[in-house]
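> Dropping a structure here in structure tokens format, bear with me for questions.
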Amino acid sequence: MDSDEVRQEWADRSGAYSPEYYAYYGPNETSDRIGDWIEGVLDQDASVLELGCSAGRHLSALYDRGFTDLHGIELNDDAIAVMEDTYPELAAETTVYVDSIESVVGEFADEQFDAVYSVETLQHLHPDADWVFAELERITGSVLITAEHEGETTAVEKSDPGVNYVDDEFPLYYRDWHRVFTDLGMEQVDARQLDRDTLRFFRTN
């Protein structure tokens, strides 16, 4: 599956792992952890970008904490209608870029967002899109957070991530996110292992 096919799979996604699916489950422990970290270092007027925001369940947790300068990138355009239905106040306040991360990230200014985070999103980027990670470091003003399934990353080269197919449908690429972003000059200041994902908290230098 090439990078275009991966993006199309998510753009057309319905049922499991779709915007409706995630809206049904709502905020979770990951939402709380991300909120705690961001709230611990940034004021409520901070600009925050979620990569792969879907219908906004993690953004809604930040909104409930008083953050209002919220942004998201989401490939599946069904997410907008689901957000408007499930989180109408959030939808009215949030800027969502309906496109791929690869298409949008280069348009942002240096350090445009005080915080950037992803939840099980970067793990689906094809190796052809590895250049995106340097762009994420560039647009981050203070905090970058990853909550990704890393798999057996100790044996994986950054340039050739391991891959697993979820439900035999779409690829999940295992990367060592500590290595990816510290190699780009960021400092990892905390890390937590959740049930499925590794949550990493990076600061810019």
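The values are calculated or read from the model by the stated rules, or taken from the named source; none is laboratory data. Quick caveat: nothing in here was measured; it's all calculated off a predicted structure. Here Cβ is always computed from backbone atoms with ideal geometry, including for glycine, and neighbour counts include all displayed protein chains.
> Inside segment 104-139, can you point out the residues that are outside any loop (DSSP other than H, G, I, E, B), at pLDDT below 95 and over 14 Å from the mean Cα position of the chain (by Cα)?
Pro127, Asp128, Ala129
> Separate question: Tally up the residues in segment 43-62 that are surrounded by fewer than 18 Cβ atoms within 10 Å (Cβ to Cβ) and in contact with a helix residue (DSSP H, G or I) (Cβ under 7 Å, 6 or more places away or on another chain), please.
The number of residues fulfilling the criteria is 0.
> Any idea which of Tyr87, Tyr97 is modelled with pLDDT under 95, farther than 23 Å from Asn205 by Cα and aromatic (Phe, Trp, Tyr)?
Unique residue meeting the criteria: Tyr87.
> I'd like the residue in segment 70-103 that is crowded, with 16+ Cβ neighbours inside 10 Å and of a type in the set (Asp, Glu) and, out of all such residues, is nearest to the chain's Cα centre (by Cα).
Ranking the qualifying residues of segment 70-103, first place goes to Glu74.
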